[in-house]
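Working notes, beginning with the structure itself.
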Amino acid sequence: MSESKTDAVMAYYFTDHICRVCFGRVMTRVTFDRRRLYCCADCGVELEGKSEAAVCCCGIKLKNGRDAGIRCRSNDERSPESPFVIIAEQAEVS
Ligand SMILES: [Zn+2]
Ligand SMILES: [Zn+2]
């Protein structure tokens, strides 16, 4: 009998990225068949992808398919107006 692998891989890990739909925290897990899934802790959207950008704001594209330049980053200056741990903001696109 081989051990079941399905139980050990259900752990989710927080990423430093936020959902492009609801700005909830993006979490990641690896499936038993080694696919990587990214999901939102709040709205539950879940997609397979190579990076957090599958679900998070970093993957937002313009209508022409180009990178919209939005990037998630940790919020160093949390305040009552912006209490979020991770925020998304416009970044320079090179
Ligand atoms: Zn969400
Ligand atoms: Zn991101």
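Quick note: the coordinates plus some simple rules give every number you see, no bench work behind them. Keep in mind it's a predicted model, so treat the numbers as computed, not measured. A quick note on method: Cβ atoms are made from the backbone with ideal geometry, for glycine too, and the neighbour counts reach across all protein chains shown.
Between R36 and A68, what is the label-to-label distance in nm when each label sits 7 Å out along the Cα-to-Cβ direction?
Computed distance between label sites R36 and A68 equals 2.2 nm.
Would you please put 48-55, 76-83, 21-28 in order of how densely packed they are, using the mean number of other Cβ atoms within 10 angstrom per residue and starting with the highest?
The most tightly packed comes first, giving 21-28, 48-55, 76-83.
Which distance in nm do the two modelled labels at C22 and K61 give, with both placed 7 Å along the Cα-to-Cβ direction?
2.5
Taking 0.36 nm per residue of separation and subtracting the Cα-Cα distance, what length does fully extending E48 through M10 add?
12.2 nm
Which log10 I(q)/I(0) values does the chain give at q = 0.23 Å⁻¹ under the Debye formula, counting every alpha carbon as one identical point scatterer?
-1.14
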